[in-house]
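Engineer: Take a look at this one; I'll ask things after.
Each reported figure results from applying straightforward, stated rules to the coordinates on display, with no laboratory input. Owing to the predicted nature of the structure, the values given are computational and were not obtained by experimental measurement. Note that we place each Cβ from the backbone using ideal geometry, even for glycine, and neighbour counts take in every protein chain shown.
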Amino acid sequence: MDLRSLFTICLISFFSFASFSQDNSPYSRYGIGDLVPNTNIINRGMGGISAAYSDQLSINFNNPASYSSFKAYLEENSKKVSSGRVLFDIGINVDSRTLREGNSPQKFTASNALFSYVQVGIPIKNNWGMSFGLRPISRVSYKIARNELIFDPITNMPIDSAFTEFSGNGGSYLASIGTGFAIKNFSFGGTFGYLFGNKEYSTKRAFINDTIAYNNSNHSTQSSFGNIYFSGGAQYKIKVSNANSLTLGVYGNLKNTLNGSQDVIRETFIRSSESGDFRLDSVYEQKDIKGEVIYPSGLGLGFVYEKSQTLQNGGWLIGVDYIQNKWSDFRFFGSSDNVQDSWELRIGTQVKPKPGSNYWSNVAYRAGFNFGDDYINVQQPLSTMGLTLGFGLPLANYNKLSPGQFSVINVAMEYNKRGNDDNLLKENLFRLSVGLSLSDLWFVKRKYN
């Protein structure tokens, strides 16, 4: 089976797998939702560093300047012959999220499996490459139930009981195509895409009364949005010695205005344990309300200091990134919501041992950590902290018809904490990310004897 067949099979399988997920994150109610990891699984294993990272066998879609490294060589009669090594990268996330209110011993845990990204990288010529793909930006998924007493505002005596259910669904995605090219030690790149998504949230309330019959109520708002998106990046590589180099990197995007449409529904309904909820009467309904979603600007910068791996010696790298996003500019159909400017510091490393016959000497080992302030702010700012561990596990190539194939399973494990005892909810998240990175020489000129 060649890379082209694997591309089709993996794409269908991973999109199908991504549809089976359950989650409950109350913080996803705010802003554009819970932000999903925005880096390749290779980078996640290193704390998320990506501004200055580039590799001819992986796709760093955070900084399109890295696409200039898409190149490969074949040796024929002791001469280097240029060829095109096409990359195909796809990944999934498996999350386990635990929520706790302050110091309360009670906790809630939910798990889900989600599609992470699919990307294709193609070298156009040496020092010039392109990539296209699809990846999620955010996710909205929560359901909270509350039982409460209704008090008389004059006597302050309880008069009724009520059951309220808060729920939300949706998310946003980016379909993009980008290119990067290098001029000597400088690399530049840009990404052009379409950022789109939807957000639906509702509040359903039912009064519990033995003598008076009340109709259940539903307040629902359904929004969709989308528009053109552009980001860019640059990298500069400094040769320190024959084996060592220092790369500086920066990437970012300007503030984007997304066109939106919103439906507002106020209705009564009846609930059936067998068939679900059915509308009883429409109290108020207004559809196709035009509006805008302001997606904020962002900036990431960092460096990577690297010792290249050779047949005689192992290699390593260490990198640092600083990320900031101006979420105070965010607007959702005119509402600023509970968001704030965010920042994050990411530090990571990768070690590649001296290649040998032992399998584990050919594995890439990665580790990192990050910390900062989340963009959600409900009464108190949310601090964040994460630890990461990753591996690059090469696969043997059994396809004799395509000896240029090279495949790696990349694994990243992340432990993230969001919030503390001062917040309404604190969240612990363990994420296992698995990616399959395939590459093959597609543009080799065949010779016949």
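Engineer: Please arrange 413, 157 by counting, for each residue, the other beta carbons lying within 10 Å of its beta carbon, fewest first.
Structural biologist: 157, 413
Engineer: Pop the C-beta distance of residue 322 and residue 149 into the FRET formula with R0 = 51 Å and round what comes out to the nearest 0.05.
Structural biologist: With a Förster radius of 51 Å, E is 0.55.
Engineer: Under 10 Å, Cα contacts only: if you run a Gaussian network model on the chain, which one of 340, 106, 56 comes out with the highest mean-square fluctuation?
Structural biologist: Most flexible of the set in this elastic network: 106.
Engineer: Right, something else. Using Cβ contacts closer than 10 Å as the measure, can you line up 327, 128 from fewest to most?
Structural biologist: So the residues, fewest neighbours to most, are 128, 327.
Engineer: Sticking with this structure for a sec: Pairing the Cα long axis of helix 3-18 with the longest principal axis of the chain, what angle in degrees results, from 0 to 90 and rounded to the nearest 10?
Structural biologist: Computed tilt is about 20 degrees.
Engineer: Same structure, new question: Please give the length that would be gained between residue 203 and residue 337 if that part of the chain were fully extended, namely 0.36 nm times their separation in residues minus their C-alpha to C-alpha distance (nm, one decimal).
Structural biologist: Taking residue 203 through residue 337 to full extension adds about 46.5 nm, to one decimal.
Engineer: Looking at the chain as a GNM with Cα springs under 10 Å, which of 270, 59, 137 has the largest mean-square fluctuation?
Structural biologist: For the chain, modelled as a Gaussian network with Cα springs under 10 Å, the answer is 270.
Engineer: Kindly count the pairs of lysines across segment 38-167 whose alpha carbons are less than 17 Å apart, treating pairs on different chains or eight or more residues apart as eligible.
Structural biologist: 5
Engineer: Now a separate question. Starting from the Cα-Cα distance between residue 284 and residue 379, subtract it from 0.36 nm times their residue separation and give me the gain in nm to one decimal.
Structural biologist: That pair, residue 284 and residue 379, stretches by 31.1 nm at full extension.
Engineer: Under 10 Å, Cα contacts only: if you run a Gaussian network model on the chain, which one of 165, 200, 344 comes out with the highest mean-square fluctuation?
Structural biologist: 165
Engineer: At 0.36 nm per residue, and after removing the present C-alpha to C-alpha distance, how many nm does the segment from residue 246 to residue 351 gain when stretched out fully?
Structural biologist: In short, 36.2 nm is gained.
Engineer: In straight Cα distance, which aspartates and glutamates are under 12 Å from residue 290, not counting same-chain residues fewer than 8 positions off?
Structural biologist: Partners found: 263.
Engineer: Follow-up. So, R0 is 41 Å and r is the distance between the beta-carbons of residue 214 and residue 109; what FRET efficiency does that work out to, to 0.05?
Structural biologist: 0.75
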